Every structure is written in C-alpha cells, then in structure tokens.
Amino acid sequence: MLSIRDLSTSYGQIKAIRNLSLDVEEGKIVALIGANGAGKTTTMKTIAGLLTPDQGTITFLGQRVEGWKPHKLVSAGLSLVPEGRAILGQMTVLENLEMGAFQRNDQAGIKDDMEKMMNWFPILRERLSQLGGTMSGGQQQMLAIARALMSRPKLLLLDEPSMGLAPIVVSDIFRVIKQINQEGTTVLIVEQNVKQALKIADYGYVLEAGQIVYQGTGESLLTDEKVKEAYLGGR
Ligand code: ATP
C-alpha cells in the first residue's frame, strides 16, 4: 500500500531522516519506534505532505506521491493524526467531525460514518455540542482519531497517539487502534510506548538518528535483545 525508498528530509542544514526505506502492506499495523529526535515525526510529516523530502520516493496505492499537498493525499486515502492531536479547540465535537469530512460530498455516507464514529467512541455522542478544547486529553485523542477517520482513509497515520495520557486511557487507545485495523484500515503508528505498539503491530521499524537500524515482525522485535535493552528498559 505504502512503499518508501531512500527518503531524506532536512530542516536547513539538519538532516532529520536519511535514506529511509519502509513498506506498509495493506491490512497491517506497522509501528515506527525510536528515541526522542530520531526522526519519527519528520517521517510522518513527509509522508503526509507537510514536509518536502530532499530525495527519495513515496509510492501510495501505486502512485508516486512525494511532493503532493496534504489535502490531495487525504483525498487519495491517506490521513494523519498529528502529534499533539491538533483538534479545533474552539469548535464543537460535531464541527470537528464535520471538518474531517470536508473534502467529501456524499452526504449519506458522511451521515453513516458520523454514526459509526459515535458508536465506536460513545463519549463523542455524549459530548457532541461541547467545545473540543474542554475535553480531557484522552477524549481529544479519540476525537482526533475519529476526525481523521471521517475522511475514510485507507491508510491512517498516527503520530504518538498515547502521548501524555494516563495508562488506563492508553490501553483504550491501543484497543481502538486494533479495532480500526480489524475493520479494514491499514495503520502506520509512531510510538514511544514501544511495548504496547509492538504488541499490536504486524511489523516494526526502529529508527535511530534518522536511519532504520532494525526491522522485523512486532513479535520478533519485542524479544530482540538489542531492542529490549534500548527501548524496553532491558526487560
Ligand atoms: P519526538 O518524539 O521528540 O517528536 P522524533 O523522533 O519525532 O522525536 P523529529 O521530531 O522527527 O524526531 O526530529 C528529528 C530531528 O530533526 C531532531 O534532531 C530534531 O531536533 C530536528 N528537528 C525537528 N523539527 C525541526 C524543526 N522544525 N527545525 C529544525 N530541526 C528540527
């Protein structure tokens, strides 16, 4: 579904990712893990069209998409839930969800999806007229995910969805991600919560200083000595 080859992205003189290659197969959950500053967010932003790569190719559903604008990628079926959620705090939950569907005009389909989101995330139904900014962190993350799903993505990119959330809410988020995937959406997830991410992931990539250093199935990375030592507290 997504195939990245030799991708490099810089901020001025700083090369944030270098010659990065990765694949996301349809129907899978793929995790990208690594320490602070390893280049995870840069990778996600480059895929979503928010940053322009210096070199390399991004192929999504058979089309070369590097350099495409974010809205064009959303129309093509690729949607990002950014780090820090970025919900619209001064807009209601309902308006946030509607924003997610702004490029669609199939009113009946939008209505169906709205209903689906409220079934998946019952808290949103209860809070439809509440301002997004007044919700708790976990609720905002649910809203951010639901909003992204309103564009009916084939590939959902999640940048640190569990960041700053209480452990009980973190398990909820991972459960929801697994469910979204089971319902047919392919997922690429960036996480510092390495253990939980690898547990739900079919495949994982480890990024260090802008380069992929290890890769393998979620299970194999979870039991890999080097990964355990560096990212799982040696356990
Ligand atoms: P984090 O989990 O902290 O977000 P990350 O793995 O997502 O880390 P990136 O945010 O992609 O890492 O950063 C990769 C590198 O690029 C780091 O060295 C960082 O300092 C640098 N960097 C990130 N954003 C900018 C920016 N806007 N301007 C300059 N350098 C940046």
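Some notes on this structure:
- Any hit, segment 28-51, residues being within 30 Å of Leu232 (Cα to Cα), within 14 Å of the chain's Cα centre (by Cα), part of a loop (DSSP other than H, G, I, E, B) and touching a residue at least 12 places away in the same chain (Cβ under 8 Å): yes
- Selection of first residues in segment 73-90 that are under 18 Å from Val187 (Cβ atoms) and without any contact (Cβ under 8 Å) to a residue 12 or more places away in the chain and of second residues that are hydrophobic (A, V, I, L, M, F, W, C) and assigned to a strand (DSSP E or B), restricted to Cβ pairs under 8 Å at least 6 apart or on distinct chains, gives an empty result.
- Annotation: of all residues in segment 1-27 being within 16 Å of Thr217 (Cα to Cα) and surrounded by 18 or more Cβ atoms within 10 Å (Cβ to Cβ), the one that is farthest from the ligand (Cβ to nearest atom) is Val24.
- Every residue from segment 106-120 that is of a type outside the set (A, V, I, L, M) and either closer than 24 Å to Ser75 by Cα or in contact with a Phe, Trp or Tyr (Cβ under 9 Å, 6 or more places away or on another chain) (or both): Asp106, Gln107, Gly109, Lys111, Asp112, Asp113, Glu115, Lys116, Trp120
- Set Thr217, Thr185: member being modelled with pLDDT of 95 or more, more than 16 Å from the ligand (Cβ to nearest atom) and surrounded by fewer than 15 Cβ atoms within 10 Å (Cβ to Cβ): Thr217
- Pairs are defined by a Cβ separation below 6 Å, a sequence spacing of at least 6 or placement on different chains, a first member in segment 190-201 that is touching a residue at least 12 places away in the same chain (Cβ under 8 Å) and closer than 19 Å to Thr41 by Cα, and a second member that is part of a helix (DSSP H, G or I) and more than 16 Å from the ligand (Cβ to nearest atom); the pairs so defined are Gln196/Phe174; Leu198/Gly218; Leu198/Leu221; Leu198/Leu222; Ala201/Gly218.
- Test for Thr43: is it over 18 Å from Leu155 (Cβ atoms), near the ligand (Cβ under 9 Å from one of its atoms), buried (at least 22 other Cβ atoms within 10 Å of the Cβ) and β-branched (Val, Ile, Thr): no
- Filter pass, Tyr205 being surrounded by 16 or more Cβ atoms within 10 Å (Cβ to Cβ) and at pLDDT 95 or above: yes
- Search result, residues across segment 38-95 that are among the basic types (Lys, Arg) and closer than 23 Å to Ser162 by Cα: Lys40, Lys45, Arg85
The values are calculated or read from the model by the stated rules, or taken from the named source; none is laboratory data. In this text, all values refer to a predicted model and were calculated from it rather than measured experimentally. Methodologically, a virtual Cβ is constructed for each residue, glycine included, from the backbone with ideal geometry; neighbour enumeration extends over all protein chains shown.
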